[in-house]
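Supplied in structure tokens, the structure appears directly below.
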Amino acid sequence: MRILVRVLLVCLLALSSLGLLNPNVALAETTQYENAVDKKLTTEYGQKIDLNNSSIRDFRDLRGFYPNLASLIIKNSPYNSVKDVLSIAGLNEKQKELLQANLDKFSATESSVELIEGGDRYNPGVY
């Protein structure tokens, strides 16, 4: 048993001296291959509901938004700022109040083709 432990320790020491056990090397390799959506998740997009990129399902936790108001928001995107959502044509007073009360839960980042392409914003295929 002692011999096995010594052999394992020698192997670990050899691997670490070669840089094969360095966590920073592994991290550098994984970040090198990030795609556009992964990069977007590190921005404000990953923290709030993005008015320009989020799907209709992201609005489910906000009472009164899903599905009608959420559809209206998506149809009228892109927005330059979060407050632009208040100027959607055809909003009733209740919808404007809901939007105003929840402005802090939204962001308006630059539209990303990977997130808005096709019909995925309305039907992301999650059932």
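The values are calculated or read from the model by the stated rules, or taken from the named source; none is laboratory data. Quick caveat, the model's predicted, so the values are computed rather than measured. Quick reminder, even Gly has a Cβ in these numbers, built from the backbone with ideal geometry, and neighbours come from all protein chains shown.
Taking VAL37 and the conditions (1) assigned to a helix (DSSP H, G or I); (2) touching a residue at least 60 places away in the same chain (Cβ under 8 Å); (3) crowded, with 17+ Cβ neighbours inside 10 Å, which numbered condition does it fall short on, given that it satisfies the others?
Condition not satisfied by VAL37: (3).
Further, regarding this structure: What residue, among those in the range 87-102 that are in a helix (DSSP H, G or I) and surrounded by 13 or more Cβ atoms within 10 Å (Cβ to Cβ), is nearest to the chain's Cα centre (by Cα)?
The initial filter retains those residues of the range 87-102 that are in a helix (DSSP H, G or I), namely 87, 93-101.
Right, trim to surrounded by 13 or more Cβ atoms within 10 Å (Cβ to Cβ) and you get 95-96, 98-99.
Values: GLN95: 25, LYS96: 25, LEU98: 23, LEU99: 21 Å.
Per the criteria, the residue is LEU99.
Restricting the first residue to the range 108-122 and requiring it to be closer than 16 Å to SER71 by Cα, which pairs with a second residue that is hydroxyl-bearing (Ser, Thr, Tyr) and outside any loop (DSSP other than H, G, I, E, B) meet a Cβ separation below 8 Å and a spacing of at least six or different chains?
Sorted first by the residue in the range 108-122, then by its partner, the pairs are TYR122/SER71.
Being modelled with pLDDT under 70, of a type in the set (A, V, I, L, M), outside the structural domain of SER111 (by TED's automatic domain parsing) and out of contact with any strand residue (DSSP E or B) (no Cβ under 9 Å at 6 or more places or on another chain) narrows it down to one residue among LEU4, LEU13, LEU9, LEU20; which is it? Walk me through how you get there before you give the answer.
Working: LEU4 fails: modelled with pLDDT under 70; LEU13 fails: modelled with pLDDT under 70; LEU9 fails: modelled with pLDDT under 70.
On inspection, the qualifying residue turns out to be LEU20.
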